[in-house]
Amino acid sequence: MKFICHKQEDIEEVQSALSTVSLEKPIEVTIKEYNLTRSDAQNKLMHLWFNEISKHVHLTQDIIFSAEVWKDELKEKFLGFDFVERPSGKVVAQVKKTSKCSVKELSEFLEKVDHYCVTRFELMLPRPSEIYFKAMGLSPPVKNIFTK
């Protein structure tokens, strides 16, 4: 069983579940802060943006780099590195993977990419409402039904 608790009632549900567990065999109980990894909306928006960057730079500067190359470049610039020890004992720097980012970390990364594109390329990245607001953890604007 796995529980994600947001309020006291959730903890009570965990306590109830624990009270029904048989201890014929040892069990493991872990309590840690919940860290949601990046969302589908963030992933979609990120890939859309890197494709847009690639197209824009090709059209405006006649420089061709794939979306994947731009992703690597901007991950290095804004996410930094993890240091990983190899079996040989050598420690190497690896560009941080977006798949290991929390929702908050990836939102911050996307904000930096967005700002970079405006300042570096004068490029306003697309914000399709069906994914942008979810990706950035924002509430969509309320539509005014009384205006045309």
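The values are calculated or read from the model by the stated rules, or taken from the named source; none is laboratory data. Only a predicted model underlies this, so the values are computations on that prediction, with no experimental measurement involved. In this analysis, Cβ positions are derived from the backbone assuming ideal geometry, glycine residues included, and neighbour counts consider all displayed protein chains. Just so you know, the surface numbers come from the protein's heavy atoms only, side chains and all, with ligands and any DNA or RNA stripped out. Shrake-Rupley method; radii C 1.70, N 1.55, O 1.52, S 1.80 Å.
Which whole-number percentage describes the relative contact order of the stretch 8-93, with Cα contacts under 8 Å and a sequence gap of 6 or more? Please list the in-between numbers first.
On the way: 30 pairs, mean separation 11.8, N = 86.
14 percent.
Taking Cα atoms, how many degrees apart are the long axis of helix 103-121 and the longest axis of the chain, rounded to 10 and kept between 0 and 90?
10
In degrees from 0 to 90, rounded to the nearest 10, what is the angle of the helix 8-19 Cα long axis to the longest principal axis of the chain?
It works out to around 50 degrees.
Using the C-alpha gyration tensor of the chain, what are the square roots of 5 times its eigenvalues, in whole angstrom, with the largest one first?
They are 39, 27, 10 Å, listed largest first.
How high is the relative contact order of the chain? Use alpha-carbon pairs under 8 Å, at least six apart in sequence, and give a whole percent.
25
Helix-only estimate, please: 222 nm mean residue ellipticity of the chain, summing -39500 (n - 2.57) across DSSP H runs of length 4 or more and dividing by its residues, to the nearest 500.
For the chain, the value works out to -16000 deg cm²/dmol.
Multiply the residue separation of Val84 and Ser39 by 0.36 nm, subtract the distance between their alpha-carbon atoms, and state the gained length in nm to one decimal. Each step should come with its number before you reach the end.
Details: separation 45, 0.36 × 45 = 16.20 nm, distance 2.52 nm.
Gain in length upon complete extension: 13.7 nm.
Once the Cα atoms of helix 40-61 and of the chain are each reduced to a long axis, what angle between those two axes, in degrees from 0 to 90 to the nearest 10, is obtained?
20
What per residue convex hull volume, in Å³, do the alpha-carbon atoms of the stretch 39-94 yield? The partial results should precede the final answer.
Working: hull volume 6.0 nm³, N = 56.
Considering the Cα atoms of the stretch 39-94, their hull volume per residue is 107 Å³.
Report the dimensions of the stretch 59-145 along its three principal axes from the alpha-carbon atoms, largest first, rounded to Å.
That gives 65, 34, 18 Å along the principal axes, largest extent first.
Sorting check: for 81-91, 45-55, 19-29, 61-71, which peptide has the highest mean count of neighbouring beta carbons within 10 Å, and how do the rest follow?
45-55, 61-71, 81-91, 19-29
If I ignore ligands, DNA and RNA and count only protein heavy atoms, how much of Tyr116 is accessible to a 1.4 Å probe, in Å² to the nearest 10?
40
Gln8 versus Glu24, label points 7 Å from Cα toward the beta carbon: distance in nm?
3.7
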